[in-house]
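These notes are about the structure you will find just below.
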Amino acid sequence: MSVILFLTSTALSVCLAKATYISQWLPNFEDFSTSSQRDLLRVKRELQTEQQQFNKMDDFAKYSKIQRKINAIDQKLKLSKDKENYVLKMCLKFWFHILCSLLLFGLWITYRQISLFKLPDYVDLRPFNYFISYPNGKNQVSLHFWIITCSIVMRSIQL
């Protein structure tokens with residue numbers, strides 16, 4: 001039980017401390033589109049089919065006018081997708097952070113009386129003994145201390 005608790009608390013502390021780094025690995029949402037984006041894509045396809053009717057050399061004015069419209073639609077699509085992707089990634093990052101925090105808090109409350117491991121008797125951390133082992137006995141590392149230590153160490157490590 002203590003080993004599973006040790007590994008779980010360590011993993012959750014790492015995930016919580018590196019939530020920003022982990023969220024970079026979340027998938028991009030390129031395929032997700034709103035109704036306005038679908039309308040813009042439909043108009044773009046119509047313009048492209050209309051543009052294919054004109055020869056680039058013979059009807060350059062008409063061809064370039066349609067091309068400018070297509071470029072404007074591409075710019076609008078890019079801006080809207082960037083904004084939506086940012087919002088979705090921030091929401092996922094936020095919920096991932098909340099989930100890890102709630103799980104750690106649940107572990108903290110449920111297993112507060114269990115020590116993760118016991119230090120040998122010859123180790124004397126006299127001024128810090130109470131903080132390390134609270135609420136357990138001498139030379140025992142509590143879950144509270146372990147979660148805080150893991151979080152501080154992982155936040156100080158730059159990835």
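Laboratory data are not the source of any read-out in this text; all were calculated from the coordinates shown. Everything quoted here is computed from the prediction, not taken from an experiment. Every residue, glycine among them, receives a Cβ derived from its backbone with ideal geometry; neighbour counts consider all protein chains shown.
Other residues whose C-beta falls under 15 angstrom from the C-beta of Phe96 contribute a net charge of +3, scoring Lys and Arg +1 and Asp and Glu -1.
Each residue, Tyr86 and Arg42, gets one label point 7 Å from its Cα in the Cβ direction; the gap between the two is 2.8 nm. Counting only alpha carbon atoms, the long axis of helix 143-156 and the longest principal axis of the chain meet at about 40°. Compute the acute angle (0 to 90°) between the alpha-carbon long axis of helix 2-17 and the principal axis of greatest extent of the alpha-carbon atoms of the chain; round to the nearest 10°. That works out to roughly 40 degrees.
Comparing the stretch 82-133 with the 2.2 N^0.38 Å rule of thumb, its C-alpha radius of gyration ratio is 1.94 (two decimals). In the chain, the DSSP-assigned H stretches of four residues or longer account for a calculated mean residue ellipticity at 222 nm of -23000 deg cm²/dmol, using -39500 (n - 2.57) per stretch and the full residue count as denominator.
Using a Förster distance of 30 angstrom, determine the FRET efficiency expected from the C-beta separation of Val153 and Leu77, and round it to 0.05. Display every interim value, and only then the final one.
Working: r = 43 Å, r/R0 = 1.45.
Efficiency computed from Cβ-Cβ geometry: 0.10.
With r defined as the distance between the Cβ atoms of Arg68 and Gln24 and R0 fixed at 41 Å, what FRET efficiency is calculated, to the nearest 0.05? In this case the efficiency is close to 0.70. With respect to the chain, whose longest principal axis is taken over its alpha-carbon atoms, helix 60-110 is tilted by about 10°.
Computed from label points 7 Å out along Cα-Cβ, the spacing between His97 and Lys138 is 4.2 nm.
Computed over the stretch 2-156, the quotient of the alpha carbon radius of gyration and 2.2 N^0.38 Å is 1.89. The dipole here belongs to the stretch 2-156: it is taken about the Cα centre, uses +1 on the Cβ of Lys and Arg and -1 on the Cβ of Asp and Glu, and is about 300 debye. Computed from phi, the 3J(HN,Hα) profile of the stretch 36-49 under the Karplus parametrisation 6.51, -1.76, 1.60 (θ = phi - 60°) reads 5, 5, 5, 5, 4, 5, 5, 4, 5, 5, 4, 5, 5, 5 Hz, with x in place of Gly and Pro. Loop exposure criterion: chymotrypsin sites (Phe, Trp or Tyr not before Pro), DSSP state outside H, G, I, E and B, at most 13 other Cβ atoms within 10 Å. Applied to the chain, the longest stretch between such sites is 33-121.
Net charge within 13 Å of Ala19 by Cβ-Cβ distance, Lys/Arg positive one each and Asp/Glu negative one each, not counting Ala19 itself? Could you put the intermediate results ahead of the total?
Details: positive: Lys18, Lys89, Lys93, Arg155; negative: none.
Result for the neighbourhood of Ala19: +4.
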